[in-house]
Amino acid sequence: MTTGGSKTDARWLALVVLCAGMLMIVLDQTIVNVALPAIEEDLRFGQAGLAWVVNAYLIAYGGLLLLAGRLGDLIGHKKVFLIGLGVFTLASLLCGLAVSSEMLIVSRFVQGAGGALATSVTLGMVVTMFPEPDEQRRAIGVFSFVAAAGASIGLLLGGVLTDAMSWHWIFFVNIPIGIVAAVAAVRLVPDSAGLGLREGADVLGALLIVAAVMLGVYTIVKAEHYGFGSAHTLGLGAVALALLAGFVLRQRTARKPLLPLRVFRSRNVSGANLVQISMVAGMFGLFFLGTLYMQLVLQYTPLQIGLAFMPVAVAIAVFSVSLSARLNARFGERNMLILGLSLMLVGMLVFTQVPVDGSYVAHILPAVAPIGIGMGLSFPALMTLAMSGAAHDEAGLASGLVNTTAQVGGALGLAVLATTSTTYTSSLLASGVGRLEALTSGFHLAFWISAVLVAVALVLAVFVLRQVAVSRDAKPVLVH
């Protein structure tokens, strides 16, 4: 007979397995960034083609998350997670073995598809495995650490592997991790029967939403090159919106919709996803341009850049894993989200003042420290709020939706901030301003936009979200 204690131990071991798979995939979104110069030289990429090493992954990952999450509800979360791990691990091997730019780009697209399958259902599995509120808060705290801190850890790990070995190893390192995680998941992660494909096999709806999100992400990431007011961006953006409108119409009329629109009736589900789009847009652009500021202005090496962002990962670990569950239980998720967003805003405002001759202790650490603490408080609270209005049989769908809005927000933020920063820097250079001064001023503008985006997320959290009231014997309910 299995005791209650061993059941608890098994669930926490299963959480470790899920988070290991999640971390491997999250790391891959940033670990490749610091290796791009080495990849460009080795595979003889053109400047335009090199961007597709990142974009191919983002388009497949962002485009398939929602569909993959719903697929998990239909055929079983564990099955989709294992399929995703397998695809991602195999694609990582192909990426590491790539001998041409075309092979690497195609492999990165497949890698993004595998990542979408695995991560889309992870949060839904965590919520289902830990229905008791206090345990769920702790589990979501661990999940949030992996999701939020993975980016900064990826920068450090990418610098170490590229400098010590070669760029191939940023992909090869995934293979043993993926195999071990898959074997452990088969043994430890509980299985659950899906609803069955008959409950949501909306093929037309699936095609519409995948096409809409993929085209939308493509349009956003290429806007930096073509410009937001160009015919290319406006035309493809209009097509993406038309496809999205067609998907919404299809979901209203389909007998078995892929995405039941009733999920958006929850004020917290809709509000939390809106908060996430704005918050991640600000954060993703800030980390990317903050990296460029340290590289181009302060002349930091890849390893130094990774170490510079380590306080963010440490703060997220301390607050999301150790403290967030108790703070959320005592003060409420909504209140902790508001506090976390406020701290992130403070850190971003500090970033807007970094000088040309900035030092780490005086200018960067005072910015990244409150940002890390704010992220550690915000992400667990936001994940709980985003999942609080979802029915049990729609956990995968809600999980996929959360991941989708994060990816869309990140792509949008990066495109907007990079474009405005580059444009402003170019105009200053044309007017005779020195290179370092022009770069720093361009970064300042981008950091101000990041701060505005997080401020918008803060306003949404204050006026749209509602607190989740829980008891030890009840599932979360909304306070009206």
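Rounded to the nearest 20, the size of the Cβ-charge dipole of the chain about its Cα centre is 1340 debye, with Lys and Arg at +1 and Asp and Glu at -1. For the chain, the Cα gyration tensor yields ellipsoid semi-axes of 33, 25, 24 Å (square root of five times each eigenvalue, largest first, whole Å). Taking 8 Å as the Cα distance limit and 6 or more residues as the minimum spacing, I'd like the relative contact order of region 202-255 as a percentage. Here the relative contact order equals 50 percent. Derived scalar couplings between HN and Hα for region 112-119 equal x, 5, x, x, 5, 4, 6, 7 Hz in order, rounded to whole Hz, by the Karplus curve 6.51 cos²θ - 1.76 cosθ + 1.60 (θ = phi - 60°), x for Gly and Pro. Mind giving me the FRET efficiency for TRP448 and LEU241? R0 is 41 Å, r the Cβ-Cβ distance, nearest 0.05 is fine. My answer for the efficiency is 0.90. When only alpha carbons of region 337-441 are considered, Rg and Dmax amount to 18.5, 61 Å. Fully extending the segment from SER427 to ARG252, taken as 0.36 nm per residue of separation minus the present Cα-Cα distance, adds 58.2 nm. The peptide list 344-353, 126-135, 246-255, put in order of mean Cβ contacts within 10 Å with the highest first, becomes 344-353, 126-135, 246-255. Computed over the chain, relative contact order equals 23 percent, with contacts defined as Cα pairs under 8 Å that lie 6+ residues apart.
Helical content alone sets the calculated 222 nm signal of the chain at -26000 deg cm²/dmol, taking -39,500 (n - 2.57) per DSSP H segment of four or more residues and averaging over every residue. Peptides 422-430, 403-411, 284-292, ordered by how many other C-beta atoms sit within 10 Å of their residues on average, highest first, read 403-411, 284-292, 422-430. Translational diffusion coefficient of region 202-255 (Stokes-Einstein, Kirkwood radius from Cα pairs, 4 °C, 1.567 mPa s): 113 µm²/s. Given a Förster distance of 35 Å, report the FRET efficiency between GLN467 and MET310 from their Cβ-Cβ distance, rounded to the nearest 0.05. The value I calculate is 0.60.
Rule-based calculations on the coordinates, nothing more; no lab input. The structure presented is a predicted model; accordingly, all values stated were derived computationally and were not measured. Cβ atoms come from the backbone with ideal geometry, glycine included; neighbour counts cover every protein chain shown.
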